[in-house]
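K.L.:
What follows is a single structure, and I will ask about it in a moment.
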Amino acid sequence: MKAVAVLTLVGASSLSGCSNLPGSGFLRKTVEPPAPDLKGIQFVEVTEPVARQLLAQRSTRLFSETLGSAEANTQRMGAGDIVEVTIWEAPPATLFSGGMMDSRSVLSLPRTATTLPEQMVNKEGFIRVPFAGQVPAAGRTPTEVESEIARRLKSLANQPQVLVRLIRNLSSDVTVVGEVASSTRIPLTPRGEKLLDALAAAGGVRQPVNKMTIQVTRGKSVNSLPLETIIRDPNQNVPLQPGDVITALFQPLSFTSLGATGRNAEIDFEAQGITLAQALARAGGLQDNRSDARGVFIFRFEPKNALSWPRQPVGVTPEGMVAVIYRLNLNDPASFLVSQSFPIYNKDVLYISNASLAELQKFLNLLGSIVGPAATATVLTR
């Protein structure tokens, strides 16, 4: 009888400490409403409307939508460009002397060609031509400047013809910085350089393509897109405009997998983004022997306007974010479809809760480790 009393006492004390059994985290019922300890935290069931709304809010606008596909007119000159002006006159030429004879005239008559020293378009946008004065060049094409110079010299020179060459294009360029082999400035030409041309001219990116994001700053507009998307979709390889700044960003994204999964770890994923279904697969899925399929949780901070929050008033962090616990019930077959559209984001925490039976099994194992030696000792004392 003494042995039975001892065993009963041990069992009772073990039962009272069942909630203190070692484990990898909390049970599903710990966070399900109405959990008293989760004030200020929103609890949201993952459904198709919720997944669709989050996906729509977080969707990235394509470069073809934000930057367009219009090619820049890089032949228009600007302040800082280096130009060369050559003037031909029909004999007898007296305005420009000391020139060379040019036999390429359409009339097959020798003409005198005078090439002026190279000069820079000044900050006011002018170049200087003898006898023609200050000629506006900024915002004009070489052909337009040629016509202007010829018009001004018409009453002074004999049948003047003018050629304006853009020697160095310093105003129509783009800047490439960030995780590239060599940050550089690339002049744009009439060929119409595109985004990938600029990256190639900078020596390419220094990190894996699937972890790179390309940011294009155009004026006050800042647009970003994964490099993988730009390579895969030719429409996103948009023409560049003068003044564009291209920044190659290395953004290693990751989520943390905890609980009854096959892999408890911080798991990287590509800049293109992944879904909850992919995250579960990369975490090794649910462990059959201890996971609760009804307790798949995602912990995240969301903007205040992300959803219509069930708990009012809505508490926010100092950064204006809302703490949210999303739950997915994988016992419902439809949830596997929902998981294919629910997006996973950087710094998310994916947690799979233990099943209650798993906790009971741990308790029985613990009880056996206590009762077994005691029962053996009782038998030996008889």
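Each reported figure results from applying straightforward, stated rules to the coordinates on display, with no laboratory input. Quick caveat, the model's predicted, so the values are computed rather than measured. Neighbour counts are summed over all protein chains in view; Cβ atoms, including those assigned to glycine, are modelled from backbone coordinates with ideal geometry.
K.L.:
In straight Cα distance, which aspartates and glutamates are under 19 Å from residue 304, not counting same-chain residues fewer than 8 positions off?
P.N.:
Within reach: 45, 319, 348.
K.L.:
While we're on this one: Report the gain in length on full extension from residue 346 to residue 60: 0.36 nm times residue separation, minus Cα-Cα distance, nm rounded to one decimal.
P.N.:
Stretched out fully, the residue 346 to residue 60 stretch lengthens by 101.5 nm.
K.L.:
Still on this model: Cα atoms only, segment 107-258: Rg and Dmax in Å?
P.N.:
22.4, 88
K.L.:
What is the local net charge at residue 178, summed over the other residues whose Cβ is closer than 15 Å to its Cβ (Lys, Arg +1; Asp, Glu -1)?
P.N.:
Computed value for this residue: +1.
K.L.:
Taking the Cβ of residue 166 as the center, what net charge do the other residues with Cβ under 13 Å away carry, scoring Lys and Arg +1 and Asp and Glu -1?
P.N.:
Counting the neighbours of residue 166, the net charge comes to -2.
K.L.:
Just order 119-131, 164-176 by mean Cβ neighbour count inside 10 Å, highest at the front, would you?
P.N.:
Answer by packing, highest mean first, reads 164-176, 119-131.
K.L.:
For a footprinting-style exposure proxy, rank 55, 253, 199 by other Cβ within 10 Å, fewest first.
P.N.:
With the fewest neighbours first, 55, 253, 199 line up as 55, 253, 199.
K.L.:
Then there is this: Can you give me the long-range amide H partners of residue 330? Hydrogens built in the peptide plane at 1.01 Å from N, cutoff under 5 Å, separation of 5 or more residues or another chain.
P.N.:
Result for residue 330 returns 294, 295, 296.
K.L.:
To continue, here is another question. How many angstrom lie between the C-alpha centres of segment 172-229 and segment 289-312?
P.N.:
Here the two parts' Cα centres lie 37 Å apart.
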